[in-house]
Amino acid sequence: MLRLQSAARKNVCLDKGLRRYQHTKAEAYGKVIAIRREDQSVWERRAPFSPANVRRLTRAGVKVIVQPSNRRAYPMQQYANSGAIIREDISEASVIFGVKQVPIDQLLPEKTYCFFSHTIKAQEANMPLLDAILAKNIRLIDYEKLMDESGQRVVAFGKYAGVAGMVNILHGLGLRLLALGHHTPFMHIGPAHNYRSSSMARQAIRDAGYEIALGMMPRSVGPLTFIFTGSGNVSQGAQEVFHELPHEYVPPEMLRKVAEHGVMTKVYGCEVRRRHHLERKEGGGFDPADYEIYPEKYISTFSKKIAPFASVIVNGIYWAVNSPKLMTIPDAKSLLRPAYTPWLPTSVGAPALPHRMLAICDISADPGGSIEFMNECTTIDTPFCLYDADRNKDMKSFKGPGVLVCSIDNMPTQLPRESTDFFGNLLYPYAFDIIGSDATKPLEDHTFSPAVHGAIIASNGHLTSNFEYIQELRNQSKGRHKIANEAEDMKKVIVLGAGFVSAPAVEYLHRDDKIKVTVASALKEEADSIASRYPGVESVFMDIIERPDILKELVQSADIVISLLPYKLHHLVAESCIETKTNMVTASYCTPELKELHQRALDAGITVVNEVGLDPGIDHLLAMEVFDEVRQAGGKVQSFVSYCGGLPAPECSDNPLRYKFSWSPRGVLMNTMADAKYLQDGKITEIPGGGELMKTAHPLDFLPGFALEGFANRDSTDYMDKYGINEAHTFVRGTLRYNGFANTVLSMRELGLLSTDPKPSLHPNGPDITWRQLICLLIGVTDPTILYENLRSKVAERLGSRSKLEDIEKLGLLAEDLVLKFNTPLDTLSHYLSKKLVYESKDRDIVVLRHEIGILWPDSKREKRGINLVLYGQRPGQGHSAMSKAVGFPTAMAAKMVLDGEIQKKGMVYPFTPDIYRTLLSRLRSEGIETTETSEWL
């Protein structure tokens with residue numbers, strides 16, 4: 001890690017160190033130390049001491065053994081000329097200096113080692129090394145913890161990490177811009193290790209700066225802004241290189257202005273310090289002393305106030321575990337949205353940039369740290385990756401969507417001689433203090449200076465008192481893992497419900513071998529059926545109503561729960577998730593019961609993502625994509641009309657209802673009896689419940705080859721505010737069916753078949769009754785033996801149409817078949833239709849979604865934008881249905897986004913923000929769920 005320090009403080013520390021050297025020099029006479037060979041990387045050419053440092057040590061009577069290495073930037077002969085002994089065997093030395101971690105098998109027992117161990121945060125990869133150090137009674141001094149009285153590091157490569165990092169990112173910027181279609185002066189800057197010294201690199205950068213000053217940057221790129229976080233050695237080193245370009249510094253509050261309207265003959269710099277982006281969660285403001293003690297009480301506004309106007313970010317700040325991050329994974333999704341820059345001259349050959357942020361140089365090289373989406377360090381061999389925020393993945397490419405990231409964790413070795421000189425001069429004042437260490441003796445027998453004593457991680461087989469917390473961190477880490485083997489990183493997902501939309505969700509999650517899926521259902525056979533298709537997926541019996549205790553136990557074992565149960569049960573699942581602090585996702589509407597749990601979910605720190613199915617779900621994603629595009633360009637949405645429906649494919653719709661059921665028809669039939677509300681031409685229209693909604697069904701011709709009709713769905717106006725289009729004069733969300741559906745439903749209503757009132761004749765334990773007899777009872781025919789022709793006449797009279805009578809007949813509702821009774825006409829009919837109008841082996845379904853959006857652009861032009869989604873399913877046994885894919889896939893995608901940290905918002909969450917909807921749409925398109933668009937200028 002790189003902790004920043006001021007130049008002034010560094011000089012003070014150096015002076016103190018020199019005084020310490022004068023005091024202990026005599027004590028070091030005759031001591032033996034070693035400089036070990038670096039072997040962690042083929043690029044590691046640094047050493048802890050330069051030949052000049054070695055000469056001073058040997059003149060003071062210290063015997064210096066140097067392990068031979070042709071890889072060091074300083075050749076062995078120079079060390080030999082400085083008085084060192086070149087020898088493979090370094091066992092004579094009591095103190096061994098290095099730069100990077102030592103291989104476990106090369107650790108010599110009962111020695112003092114000095115190197116960067118990367119163990120102070122209990123980094124898992126280096127815990128075996130720490131264990132070996134303890135087992136071999138090694139005294140470990142970590143340069144990272146050599147600090148002065150104020151807690152500032154006194155020994156570091158920081159400056160040259162900044163210098164090399166800045167050279168690298170300018171090199172990468174040239175390549176990235178070229179991949180985007182722009183040749184720039186940055187193309188002539190090479191990687192840092194291509195230069196013999198930093199002065200040669202700076203000359204190349206000055207040459208590039210000369211071309212920039214002459215106006216040779218493509219105008220379609222726009223002004224470039226460079227953000228430097230912090231003001232310590234890393235930042236100062238980077239800024240020294242930046243100064244070779246024609247530049248102007250601006251404060252953070254001026255960034256937006258120069259990013260949009262700056263000149264092209266120079267670049268802009270901005271040094272961002274803590275006070276510029278950190279503020280208290282409650283009450284605002286920034287107090288440095290308070291922040292040092294309680295960093296968890298602060299948030300960072302970097303991603304909102306600074307990053308949106310950055311072309312390049314150079315990050316070198318130290319990040320502690322409880323500190324706020326500069327940029328999170330969700331932040332990246334927002335920052336990498338297309339930029340709206342109509343004032344820049346663009347064309348096919350001079351394209352606009354895909355987004356303002358082009359490159360990040362994370363010199364801190366802390367995966368998952370202050371820049372959360374930097375999850376793996378790059379290398380000198382492969383110095384760059386392209387982070388695609390929509391997919392949350394890195395690519396080894398300069399071409400494609402995303403931001404270029406350089407996060408080499410050993411950048412100073414690209415300038416090895418200067419780095420060695422710089423580091424050795426800082427370490428030298430502390431060398432004589434360290435040389436006095438004898439690892440065979442207790443630590444208490446030594447009188448180390450506070451700086452050196454505070455850097456001793458382990459001694460005599462134990463962690464020192466300042467670092468006993470490392471074991472506590474290790475224990476906590478082990479406690480968080482549910483499986484203590486190679487599968488300890490597995491994430492556990494519980495899928496509640498084994499209905500027809502569950503299989504695609506399970507399939508999608510099963511593709512990730514780090515996810516363990518369990519399907520839980522009250523219908524164990526259905527859960528078993530799904531689990532049997534995907535190796536490793538488990539199934540369990542779960543009745544959440546009868547056994548809430550088992551539900552809680554199951555939820556507690558999971559990292560996230562996907563509820564694909566009936567929507568009325570979601571709040572029961574959410575209650576368990578809140579109690580166990582487990583995240584949750586559901587495809588259904590956020591019900592009033594769920595909304596009431598919002599604050600409790602916030603307090604529990606969990607995420608509950610709602611409305612990520614088809615409708616609601618995909619309809620939201622497609623709508624918000626257009627709405628945000630219009631808003632960004634300064635336009636207004638004047639009207640929004642949306643219809644969606646899951647239907648049998650046209651060739652499979654040959655029944656009076658023009659519909660088939662893949663799950664219980666009750667919900668479909670109940671929706672036809674619901675009330676509705678929508679806005680049309682500035683007037684609110686309300687439709688009472690009881691079936692009046694079907695009378696409003698009207699033909700829709702946006703797909704002329706389909707015979708479709710539509711009617712309003714629930715309270716459309718409830719979404720105007722959520723969508724942020726309160727200015728619209730028309731807002732309708734509706735349901736799609738084939739023509740004839742509404743008339744048939746009205747016929748069933750007229751016959752009393754949609755009543756939810758219990759009927760004695762439909763009691764499950766009552767006498768048998770036929771459908772013909774039931775219709776007689778429902779329409780008031782007292783003689784159930786009435787001639788069939790007479791009954792037909794009465795039904796036709798009730799319905800007012802012979803064609804409607806024929807539809808009822810075709811449904812078998814006047815037949816002599818026995819009725820399977822379920823108390824109410826609606827429930828009895830639902831069960832009947834679930835068997836009568838079921839998808840057969842030759843059938844397939846289709847999903848149709850239509851958005852029609854009226855837009856007023858800033859130039860007063862009006863556009864009617866049409867978006868169509870038409871998705872065909874596969875036949876039973878051959879794959880997933882269209883509806884199951886359109887619900888199961890986005891639900892599973894949202895769950896995985898939560899698991900991967902792409903969705904971090906807490907409480908009840910909707911997919912209305914770009915960081916969620918853009919990612920979901922991108923991944924849905926990769927699954928073949930795509931739309932077509934039309935545009936008509938009015």
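All of the numbers you see were taken from the coordinates with simple rules; none came from a lab. Quantities reported herein were computed from a predicted structural model and do not represent experimental measurements. With ideal geometry, Cβ positions are generated from the backbone for all residues, glycine too; neighbour counts draw on all protein chains shown.
Within the chain, DSSP assigns beta bridges of which about 45% are antiparallel (rounded to the nearest 5). Each Cα pair under 8 Å and six or more residues apart adds its sequence gap; the mean of these over the residue count of the chain is a relative contact order of 11 percent.
Fewest Cβ neighbours within 10 Å first, please rank L177, L814 accordingly. If you can, show how the numbers build up before the last one.
Working: L177 24, L814 21.
Going from sparsest to densest Cβ surroundings: L814, L177.
Round to a whole angstrom and tell me the spacing of the C-alpha centers of segment 769-813 and segment 200-243. Comparing the Cα centres of segment 769-813 and segment 200-243, I get a distance of 85 Å.
If we count every other residue with Cβ under 12 angstrom of G237's Cβ, Lys/Arg +1 and Asp/Glu -1, where does the sum land? Don't skip to the end; give the middle numbers.
On the way: positive: K159, R202; negative: E240, E418.
Neighbour charge sum, excluding G237 itself: 0.
Using 0.36 nm per residue, how much length does the chain from S664 to S197 gain when fully extended, once their Cα-Cα distance is taken away?
Details: separation 467, 0.36 × 467 = 168.12 nm, distance 7.43 nm.
Stretched out fully, the S664 to S197 stretch lengthens by 160.7 nm.
Charge tally for K100 (other residues, Cβ to Cβ under 9 Å; Lys, Arg +1; Asp, Glu -1): -2.
Anything over 29 Å Cα to Cα? Flag those among K121/K581; K595/K864; K145/K906; K492/K885, in the order listed. Intermediate values should be presented prior to the final figure.
On the way: K121/K581 26 Å; K595/K864 34 Å; K145/K906 36 Å; K492/K885 22 Å.
The answer is K595/K864; K145/K906.
Taken along the Cα-to-beta-carbon direction at a fixed 7 Å, the label points for A649 and K441 span 8.7 nm.
The V263 and N137 beta-carbon pair, evaluated with R₀ = 56 Å, returns a calculated FRET efficiency of approximately 0.30. Highest average first, the peptides 758-765, 850-857, 702-709, 325-332 ordered by how many other beta carbon atoms sit within 10 Å of their residues are 325-332, 850-857, 702-709, 758-765.
Between E625 and D89, the modelled label-to-label distance comes to 7.1 nm, taking each label 7 Å out from Cα in the direction of the beta carbon.
Averaging Cα coordinates gives a centre for segment 84-115 and one for segment 298-367; these two points are 42 Å apart. Give the label of the value calculated from the structure for mean projected area of the Cα convex hull in nm², choosing from [x] 44.0; [y] 68.5; [z] 52.7. Computed from these coordinates, mean projected area of the Cα convex hull in nm² corresponds to label [x]. Rounded to whole numbers, the Karplus 3J(HN,Hα) couplings from phi for segment 527-537 are 4, 4, 4, 5, 4, 5, 7, 10, x, x, 7 Hz, using 6.51 cos²θ - 1.76 cosθ + 1.60 with θ = phi - 60°, and x at Gly and Pro. Put simply, when 195-208, 441-454 are sorted by average Cβ atoms within 10 angstrom per residue, most first, you get 195-208, 441-454.
For segment 886-928, backbone nitrogen atoms closer than 15 Å to the point 7 Å from Q599 Cα along Cα-to-C-beta are found at 907-908.
The spacing between segment 399-448 and segment 131-156, judged by their C-alpha centroids, is 10 Å. Amide H contacts under 5 Å for G190: none, restricted to partners 5 or more places along the chain or on a different chain, H placed in the peptide plane at 1.01 Å from N. Dividing the summed helix terms, -39500 (n - 2.57) for each DSSP H run of n ≥ 4, by the number of residues in the chain produces a 222 nm estimate of -10000 deg cm²/dmol to the nearest 500. How high is the relative contact order of segment 747-836? Use alpha-carbon pairs under 8 Å, at least six apart in sequence, and give a whole percent. The value is 47 percent.
The modelled label-to-label distance for the pair K399/R511, using points 7 Å beyond Cα in the direction of Cβ, is 2.4 nm.
Here's how it looks for Y318: its modeled amide H is under 5 Å from those of L4, which are all 5 or more places away or on a different chain. At full extension, E936 and E840 could sit 30.5 nm farther apart than now, given 0.36 nm per residue minus the alpha carbon distance.
When the chain is described by a simple charge dipole with +1 on each Lys and Arg Cβ and -1 on each Asp and Glu Cβ, the residue from A93, M490, W343 located farthest towards its positive end is A93. The mean sequence separation of alpha-carbon pairs under 8 Å and at least six residues apart, normalised by the residue count of segment 158-409, gives a relative contact order of 20 percent.
If you count Lys pairs in segment 158-409 whose Cα atoms are under 24 Å apart, skipping same-chain pairs closer than 8 places in sequence, the total is 23.
Per Stokes-Einstein, at 4 °C and 1.567 mPa s, what whole-number D in µm² s⁻¹ belongs to segment 244-305, with the Kirkwood radius over Cα pairs as the hydrodynamic radius? Before the final figure, lay out each step's value.
Numbers: Rh = 13.4 Å.
Estimated diffusion coefficient is 97 µm²/s.
If you add up the charges near E110, with Lys and Arg at +1 and Asp and Glu at -1, over every other residue whose beta carbon is less than 10 angstrom from its beta carbon, what do you get?
My count for the surroundings of E110 gives +3.
Rounded to the nearest 20, the Cβ-based charge dipole of segment 753-891 about its Cα centre (Lys and Arg +1, Asp and Glu -1) stands at 560 debye.
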